There are 2 protein chains.
Amino acid sequence: MNRTASIKDVANHASVAVGTVSNVLNYPDRVSQRTKERVLRAIDELGFVRNDAARQLRAGHSRTIGLIVLDVGNPFFTSVVRAAEDAAALQGSAVLLGDSGHDAGREANYIDLFQEQRVQGLLISPVGDVTERLDLLRERGVPTVLVDRLADESKFSSVAVDDDAGGYLAARHLLDTGRRRLAFVGGPTSIRQVADRLQGAERAVKEEPDATLEVLDSAGQTVLAGRSVGDMLVERGRAELPDGIFCANDLLALGVMQSLTMTHTFRIPEDVALIGYDDIDFAVSAVVPLSSIRQPTELLGRTAIELLSEEVESRNPVHRAVVFTPELVVRQSTATPGEG
Amino acid sequence: MNRTASIKDVANHASVAVGTVSNVLNYPDRVSQRTKERVLRAIDELGFVRNDAARQLRAGHSRTIGLIVLDVGNPFFTSVVRAAEDAAALQGSAVLLGDSGHDAGREANYIDLFQEQRVQGLLISPVGDVTERLDLLRERGVPTVLVDRLADESKFSSVAVDDDAGGYLAARHLLDTGRRRLAFVGGPTSIRQVADRLQGAERAVKEEPDATLEVLDSAGQTVLAGRSVGDMLVERGRAELPDGIFCANDLLALGVMQSLTMTHTFRIPEDVALIGYDDIDFAVSAVVPLSSIRQPTELLGRTAIELLSEEVESRNPVHRAVVFTPELVVRQSTATPGEG
DNA sequence: TCGTACCAATGAAACGATTCAAAACTTCGG
DNA sequence: CCGAAGTTTTGAATCGTTTCATTGGTACGA
């Protein structure tokens, strides 16, 4: 048991030619029943396992797709990854997963690694601006699809979710349930997602002449940041409290909820309605189940793979930018006051 | 720009032999300065990227390590993965990540895939019992290290965390802060982790003659399951309430906390102390910051890689089972009543 | 019996990098 | 100018698979 068996060993053991063994593996119909059985027995007895490196060397390309995400721990990406893996498996490819952790250096390492592996193509949620490294990929003809990032269609295909539409959806929902004094809670607007969600909310508020939107800047996108905003609101007193709060993500919303419910001065949703964004697992099991905006992550992952396949198959590069619309998930935290 | 450049193209372009190009890449010292520069320029001009398949075919093995986890979304594994990747990178290997999602079929697919890729070795957190497939790997001489699972040392190396010690640590902490009527909240004890944590807690309680431990079975390991247990406790009334609760994981603890704090009948930690397990991100930002037991995930990942390296390098397979002791993280939810 | 199809099996060539024995070139002392 | 010793460069052989033109067999009708 020194070395793993090769196709040649199998051929000898079954007394056939190497080409025949290869045919058994790749084109079973071309081989007679008798021979096939002999070969399969030999494979079994020797514990033969295909050497993918040799296969891929001959084929000129691998059957793997590279996927680089900003943070595997983030449920959004976890879900996208899972969907991409499943979609890839259906078409016989495997996904190599890389986690850049928002670090351009790690991202670069993975890009290089995947190039050496001769991946069929690359799905990437890039760190910061689209780097020159991605342009290099393009020149080298490595099909690439940007994930969760709009792209110049002359250069790349991309899949993304319309954050402006999500913001509109959230604010519109608050307005539809009778709230008029809205507040937006969100981290630095330098983050594109935050800015887009705010912009969508503003658009909805402009549709109602008597509605107002107050912007409450939060220090970050965490539960604790949400709690400080909440504490600040509690101190204001009832008269100046907004009656509908839209948070740029669920963590912020959970923090705000903690503040408001702890003091027992305000009730959700009777005094204030609260809606978040992302629909993380915790949203449904919050003290007051949290309404949220759900992003179609499975669709995102699946579509990314499909766009990539298109690029791989067609010679001439026709890029497409696909944008999905998020979905409103209504729970108790924004129930209509009348209905409790 | 039809085909990616090969080492032969580079050699022609720089007017040297293929061996020289290879030397520039692998043993730069063997090559004269002048030649090296010419070759590097050619590499740059042609956009040459090493073909890993060819390299690996010649070398007989890859520079990658397979890692199969039960759930990439679980923060415990996410952290282990990150640590393993970093440790592998240090020794010049890359990690191929597979997510079995607790599904034996997906696990089997990844094992097969990684075998075809000729990974140097495999880290796996196996689904259910150690399968015959792993025994096959062993026979084929693929070094394998089990993660988060104790293994028969005659067969595999393994890294795991001592759940019994963790349970002891949690209960001992409750006892040390003066609590005597303890309760354990945990899902079906058929789950090994749950059973071990309970056993450790029982061990601690036996050390105090006047202490008792009540076992409250929960329907699962979720926030909602925790909340039903909490609701049940609230109904009991103060006299029969335990004064220290140890939950088999943080989600359960957060659920219990929601119930107890919502009614405002009981205060944490004054009336009841509460401690969880895993120290997830949410623990620190709970309404009452949650004490918990932290598992040394980074250490787990790093050590797994080290054990694997040992197996890869040494001829004769000497397996080791490494068990780590978890760590107590004290927060407000178990503060000593006196200190409030 | 021969010729024509058809089907199965064969095995050399190719993929691209690394290795290593041999060849080619330098340098330097005599 | 020669030979020895050292340094660089060369290029054929190799890894394991797939491909495909070629060969070997079999069946069947004429």
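Checking each residue in the stretch A:1-21 for being hydrophobic (A, V, I, L, M, F, W, C), within 12 Å of DNA strand C (Cβ to nearest atom) and either within 26 Å of B:Q120 (Cβ to Cβ) or not in a loop (DSSP other than H, G, I, E, B) (or both) picks out A:I7, A:V10, A:A11, A:A14, A:V18, A:V21.
Looking for whichever is more than 14 Å from every other protein chain (Cβ to nearest Cβ) and not in a loop (DSSP other than H, G, I, E, B) here; the options are A:L216, A:L224. Which one fits? Walk me through it before giving the result.
Working: A:L224 fails: more than 14 Å from every other protein chain (Cβ to nearest Cβ).
That would be A:L216, the only listed residue that is more than 14 Å from every other protein chain (Cβ to nearest Cβ) and not in a loop (DSSP other than H, G, I, E, B).
Within the stretch B:122-133, the set of residues being touching a helix residue (DSSP H, G or I) at 6+ places or on another chain (Cβ under 8 Å) and more than 14 Å from every other protein chain (Cβ to nearest Cβ) comprises B:L123, B:I124, B:S125, B:P126, B:V127, B:G128, B:T131.
Name the residues in the stretch B:1-11 that are surrounded by 11 or more Cβ atoms within 10 Å (Cβ to Cβ) and without any contact (Cβ under 8 Å) to a residue 40 or more places away in the chain, would you?
Scanning the stretch B:1-11 gives B:K8, B:D9, B:V10, B:A11.
The single condition among (1) of a type outside the set (S, T, N, Q); (2) in a loop (DSSP other than H, G, I, E, B); (3) farther than 30 Å from A:P143 by Cβ; (4) within 12 Å of DNA strand C (Cβ to nearest atom) that A:V24 does not satisfy is (2). Looking only at residues in the stretch B:56-78 that are facing another protein chain (nearest Cβ under 8 Å) and assigned to a helix (DSSP H, G or I), the one that is nearest to A:T4 (Cα to Cα) is B:L57.
Residues that are within 16 Å of DNA strand D (Cβ to nearest atom) and in contact with a helix residue (DSSP H, G or I) (Cβ under 7 Å, 6 or more places away or on another chain): does the stretch A:74-86 have at least one?
Of the stretch A:74-86, the ones within 16 Å of DNA strand D (Cβ to nearest atom) are none.
The answer is no; no qualifying residue exists.
The single residue among A:A59, A:A83 that is within 16 Å of DNA strand C (Cβ to nearest atom) and on the phi < 0 side of the Ramachandran plot turns out to be A:A59.
One line per residue, one yes/no per condition, for (1) touching a strand residue (DSSP E or B) at 6+ places or on another chain (Cβ under 7 Å); (2) surrounded by 16 or more Cβ atoms within 10 Å (Cβ to Cβ):
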position	(1), (2)
B:H13	no, yes
B:P28	no, no
B:R41	no, no
B:V69	yes, yes
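Within the stretch B:27-54, can you find the residues that are within 14 Å of chain A (Cβ to nearest Cβ) and part of a helix (DSSP H, G or I)? Correct list: B:I43, B:D44, B:E45, B:L46, B:D52, B:A53, B:A54.
Of everything in the stretch A:199-212 that's part of a loop (DSSP other than H, G, I, E, B) and charged (D, E, K, R), which residue is farthest from A:E240 (Cα to Cα)? If you could, list the steps in order and put the result at the bottom.
Initial filter on the stretch A:199-212 (part of a loop (DSSP other than H, G, I, E, B)): A:207-211.
Among the residues that remain, those that are also charged (D, E, K, R) are: A:207-208, A:210.
Numbers: A:E207: 22, A:E208: 20, A:D210: 16 Å.
That would be A:E207.
Under the condition of being charged (D, E, K, R) and not in a helix (DSSP H, G or I), the residues counted in the stretch A:79-99 number 1.
The rows are residues; the columns are (1) within 19 Å of A:I280 (Cα to Cα); (2) modelled with pLDDT of 90 or more.
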position	(1), (2)
B:V223	yes, yes
B:D231	no, yes
B:P242	no, yes
B:N249	yes, yes
B:L252	yes, yes
B:M262	no, no
B:P269	no, yes
B:V272	no, yes
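If only one of B:G167, B:G220, B:G200 is out of contact with any strand residue (DSSP E or B) (no Cβ under 6 Å at 6 or more places or on another chain), within 18 Å of B:R149 (Cβ to Cβ) and free of Cβ contacts under 8 Å to residues at least 60 places away in the same chain, which one is it? So that I can check it myself, show each step before the final result.
Numbers: B:G167 fails: free of Cβ contacts under 8 Å to residues at least 60 places away in the same chain; B:G220 fails: within 18 Å of B:R149 (Cβ to Cβ).
Within the list B:G167, B:G220, B:G200, the selection yields B:G200.
Examine the stretch B:100-121 for a residue that is within 20 Å of the chain's Cα centre (by Cα) and facing chain A (nearest Cβ under 8 Å), and state whether such a residue exists. Yes, because at least one residue in the stretch B:100-121 is within 20 Å of the chain's Cα centre (by Cα) and facing chain A (nearest Cβ under 8 Å).
Being in a loop (DSSP other than H, G, I, E, B), out of contact with any helix residue (DSSP H, G or I) (no Cβ under 8 Å at 6 or more places or on another chain) and under 24 Å from B:A87 (Cα atoms) is the requirement here; does A:H102 meet it? Yes.
All of (1) modelled with pLDDT under 95; (2) on the phi < 0 side of the Ramachandran plot hold for A:G47 with one exception: (2).
Which residues, taken from the stretch A:79-89, are more than 10 Å from chain B (Cβ to nearest Cβ) and more than 25 Å from B:V49 (Cβ to Cβ)?
At the first step, the residues of the stretch A:79-89 found to be more than 10 Å from chain B (Cβ to nearest Cβ) are A:80, A:83-84, A:87-88.
A:V80, A:A83, A:A87 - these are the residues of the stretch A:79-89 that are more than 10 Å from chain B (Cβ to nearest Cβ) and more than 25 Å from B:V49 (Cβ to Cβ).
Condition check ((1) over 41 Å from the mean Cα position of the chain (by Cα); (2) of a type outside the set (D, E, K, R); (3) under 30 Å from A:P317 (Cβ atoms); (4) more than 9 Å from DNA strand D (Cβ to nearest atom)) across all residues:
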position	(1), (2), (3), (4)
B:V24	no, yes, no, no
B:A42	yes, yes, yes, yes
B:E45	yes, no, yes, yes
B:R63	no, no, no, yes
B:D71	no, no, no, yes
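Results for (1) surrounded by fewer than 16 Cβ atoms within 10 Å (Cβ to Cβ); (2) assigned to a loop (DSSP other than H, G, I, E, B), shown as yes or no for each residue.
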| site | (1), (2) |
| --- | --- |
| B:A239 | yes, no |
| B:F246 | no, no |
| B:L252 | no, no |
| B:Q258 | no, no |
| B:M262 | no, no |
| B:T265 | yes, yes |
| B:P269 | no, yes |
| B:D278 | no, yes |
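Filtered by the rule that a residue be of a type in the set (K, R) and touching a Gly at 6+ places or on another chain (Cβ under 6 Å), the stretch A:217-264 gives a lone residue, A:R227. Residues that are within 10 Å of DNA strand D (Cβ to nearest atom), modelled with pLDDT of 95 or more and among the β-branched types (V, I, T) within the stretch A:1-22 comprise A:I7, A:V10, A:V18, A:T20, A:V21, listed in sequence order.
Could you list all residues from the stretch A:295-340 that are part of a strand (DSSP E or B) and buried (at least 16 other Cβ atoms within 10 Å of the Cβ)? Let's see the steps before the verdict.
Here is the first cut: in the stretch A:295-340, the residues part of a strand (DSSP E or B) are A:321-324, A:327-329.
If the condition is that a residue be part of a strand (DSSP E or B) and buried (at least 16 other Cβ atoms within 10 Å of the Cβ), then A:A321, A:V322, A:F324, A:L328, A:V329 are the ones that fit.
The values are calculated or read from the model by the stated rules, or taken from the named source; none is laboratory data. For clarity, every value in this text was computed on a predicted model and none was experimentally measured. Cβ atoms come from the backbone with ideal geometry, glycine included; neighbour counts cover every protein chain shown.
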